[in-house]
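K.L.:
The structure follows.
All of the numbers you see were taken from the coordinates with simple rules; none came from a lab. Only a predicted model underlies this, so the values are computations on that prediction, with no experimental measurement involved. Please note: Cβ atoms are built from the backbone with ideal geometry, for glycine as well, and neighbour counts cover all protein chains shown.
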Amino acid sequence: MQSKLAVLCCACAAFWLPLAAAQQPVLTGPTDPQASVPVPSYTSAFAGYQRLRDETLAPWREVNDEVARVGGHMGMFGGAHAGHDIKPAPTAAPGAPQ
């Protein structure tokens, strides 16, 4: 079985090798004035640019009232100290041991 596979691979190589050898390009030197050069093209960096659209803004008084309702800017994030439930740390009575 392996010998048949080897013969098949050699036959394919023998068939394609002359065709591949015939396709070698003619190399030209960098100083050859007859050498073909690809046409340069220009694409602007702004070709796909889309203008920023203005968003409709909410009335600032309503937004301020909403922020006050949820407990300030920290209440907006739902932090551990959100809202007005922040109590000052208890202070020791004057003259009490610390």
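K.L.:
Within a 10 angstrom radius of the beta carbon, how do VAL37, VAL63 rank from fewest other beta carbons to most?
P.N.:
Neighbour counts put them in this order, fewest first: VAL37, VAL63.
K.L.:
Which distance in nm do the two modelled labels at CYS9 and GLN34 give, with both placed 7 Å along the Cα-to-Cβ direction?
P.N.:
For the pair CYS9/GLN34, the computed spacing is 4.3 nm.
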